[in-house]
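A.B. asks: I have a structure I would like to understand better, so I am pasting it below and will then ask my questions one at a time.
The values are calculated or read from the model by the stated rules, or taken from the named source; none is laboratory data. For clarity, every value in this text was computed on a predicted model and none was experimentally measured. Cβ atoms come from the backbone with ideal geometry, glycine included; neighbour counts cover every protein chain shown.
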Amino acid sequence: MRLFPTLFMSFQTVLEFASLTDTGLVRAHNEDAIETSAELGLAILADGMGGYNAGEVASRMCVDLIGKHIKQKQQSAWIPLISRQTMVASRWVNDAISYANERVLKAAHEHAEYVGMGTTIVVAMCHQDKLLVAHVGDSRAYRFRSGELKQITKDHSVLQAQIDAGLISEEQAKYSPIKNLITRAVGAQLEIEVEIHDHKLEEGDIYLLCSDGLTDMLSYDQIQRILKQQHTQLEVCCQSLVNGANNCGGRDNISVILFKVSQLHQRKLMDVFAS
C-alpha cells in the first residue's frame, strides 16, 4: 500500500488507494474496467455491456479516455486559483464522460461486432476539500464515515424510478427481477446526461466505488460490516468484498475501488505561490 500526496490549490490531501476486479464465478469474461490515479486524485470504474467482447471494449475505452482527458485538463490549467474552482473541475469531468460517449458510439458505428455496446461509469475526483462524484448508470459510490456507510449516488435504473415514484418499497426492490435494467449508459445515445455532485471531504473518510456485481450479491449491511472490520487495511478489505460477492454466487463481474482520506489540511495561500 502506498500513500500519495495530491496538491489542489491551497489544500494538500493524502489519499490511500486500493482496488480489485474479478470475473466472478459465472461470466466467461470480465467486462468491468477500473483505474486509479494518485497524481490526479482520481478513481474511475465502468461496467460494460454488449455482445461478444464489446462490453469489455466499451468499459476499457471509457476508463482510458476519461483518465487521459482529465489529466490533459489538469496539466493545462495555468491559473491555479481559477482553474481549480469546483465548477470548472466539474466541467472537466462532464466533458470527459461526454467525449468518451462520443468515442464509444463512433466505435460501435464503425465496427459491426461492437453494435449495441455501452457501459456504466462512476468517476470520483478529489478537488480541494471536496470530492466530485459523477455517474451514469447503476455503478455506485459510497462513503464510509465514523463507522457508517452511506450511498452517495442514485442508480439510473427502472427499479430506482419505481422506488422514487412510490410504486415499490426499498424492501420489495431487493427481490425485483429487473434490478439490472438501466435508464442511462455511456454509448446508449448521442446526448448523455451525467449526474455530478460534490461532497465535503473529512479526514478519515473512506470511499467505495463498485459495480453491481458487488451490490447484487452483498446487502448494504454486509458491505458495511466488512468495512467496519477491515477499513484499516484497504487491500484486504477489497479482497474480502470480492470474496463475499463470490461466496454469495458471484453471478457477475465484481469490481471495487477503495480510497481513504488519510490527511486533509489547508495550506496558507502564500505557501502555494511560494511552492
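A.B. asks: Here are V93, V88, V63: which of them is in a helix (DSSP H, G or I), within 19 Å of K130 (Cα to Cα) and modelled with pLDDT of 95 or more?
C.D. replies: After applying the criteria, what remains is V93.
A.B. asks: Return the total of residues in the range 29-57 being in a strand (DSSP E or B) and under 25 Å from L201 (Cβ atoms).
C.D. replies: The total comes to 9.
A.B. asks: Here's another thing I want to ask about it. I need the full set of residues from the range 117-156 which are modelled with pLDDT under 95, of a type in the set (S, T, N, Q) and closer than 18 Å to L45 by Cα, in order please.
C.D. replies: none
A.B. asks: Of all residues being more than 20 Å from Q224 (Cα to Cα) and of a type outside the set (A, V, I, L, M) in the range 254-271, which is modelled with the highest pLDDT? Just the residue, please.
C.D. replies: Q263
A.B. asks: Residues to consider are L227, L181, L209; find the one that is closer than 24 Å to T86 by Cβ and either among the basic types (K, R) or in contact with a strand residue (DSSP E or B) (Cβ under 8 Å, 6 or more places away or on another chain) (or both).
C.D. replies: None of the others qualify; the one that does is L209.
A.B. asks: Would the range 185-195 turn up any residue that is under 30 Å from L264 (Cα atoms) and in contact with a Ser or Thr (Cβ under 9 Å, 6 or more places away or on another chain)?
C.D. replies: yes
A.B. asks: Another question, if that's okay. Take S211 and tell me if it is in contact (Cβ under 8 Å) with a residue 12 or more places away in the chain and surrounded by 18 or more Cβ atoms within 10 Å (Cβ to Cβ).
C.D. replies: In short, yes.
A.B. asks: Follow-up question, since we're still on this one. Say we look at the range 13-28 and pick out the residues that are part of a loop (DSSP other than H, G, I, E, B) and among the β-branched types (V, I, T); which of these is nearest to the chain's Cα centre (by Cα)?
C.D. replies: T23
A.B. asks: Write out, first by first residue and then by second, each pair whose Cβ atoms fall under 6 Å of each other, whose residues are 6+ apart or on separate chains, and whose first residue, in the range 94-108, is under 20 Å from V123 (Cα atoms) and free of Cβ contacts under 8 Å to residues at least 40 places away in the same chain while the second is among the β-branched types (V, I, T) and buried (at least 18 other Cβ atoms within 10 Å of the Cβ).
C.D. replies: So the pair list comes out as A96/I66; A96/I70.
A.B. asks: In the range 201-227, how many residues are among the small types (G, A, S) and over 26 Å from H29 (Cα atoms)?
C.D. replies: Number satisfying all stated conditions: 1.
A.B. asks: Follow-up question, since we're still on this one. Taking into account only those residues within the range 219-240 that are under 18 Å from the mean Cα position of the chain (by Cα) and among the aliphatic types (A, V, I, L, M), which is surrounded by the fewest Cβ atoms within 10 Å (Cβ to Cβ)?
C.D. replies: Among residues in the range 219-240 that are under 18 Å from the mean Cα position of the chain (by Cα) and among the aliphatic types (A, V, I, L, M), the one surrounded by the fewest Cβ atoms within 10 Å (Cβ to Cβ) is L227.
A.B. asks: Moving on to the next point. Sort out which residues of the range 147-170 are in contact (Cβ under 8 Å) with a residue 24 or more places away in the chain, out of contact with any Phe, Trp or Tyr (no Cβ under 7 Å at 6 or more places or on another chain) and of a type in the set (S, T, N, Q), and write them in order of number.
C.D. replies: T153, S157
A.B. asks: Which count do you get for residues in the range 243-260 that are surrounded by fewer than 23 Cβ atoms within 10 Å (Cβ to Cβ) and under 16 Å from the mean Cα position of the chain (by Cα)?
C.D. replies: Counting residues in the range 243-260 that are surrounded by fewer than 23 Cβ atoms within 10 Å (Cβ to Cβ) and under 16 Å from the mean Cα position of the chain (by Cα) gives 1.
A.B. asks: As an exercise: evaluate Q160 against (1) closer than 20 Å to A134 by Cα; (2) of a type outside the set (A, V, I, L, M, F, W, C); (3) at pLDDT below 95; (4) surrounded by fewer than 16 Cβ atoms within 10 Å (Cβ to Cβ) and give the number of the one condition it does not meet.
C.D. replies: All conditions are met except number (4).
A.B. asks: Which pairs do you get when a residue that is in contact (Cβ under 8 Å) with a residue 24 or more places away in the chain and crowded, with 18+ Cβ neighbours inside 10 Å, found in the range 177-199, comes within reach of a residue that is in a loop (DSSP other than H, G, I, E, B) and among the charged types (D, E, K, R), reach meaning Cβ atoms under 8 angstrom, with the pair 6+ apart or on two chains?
C.D. replies: Between residues of the range 177-199 that are in contact (Cβ under 8 Å) with a residue 24 or more places away in the chain and crowded, with 18+ Cβ neighbours inside 10 Å and residues that are in a loop (DSSP other than H, G, I, E, B) and among the charged types (D, E, K, R), the close pairs are K179/D216; I182/D138; I182/D155; R184/E193; I192/R184.
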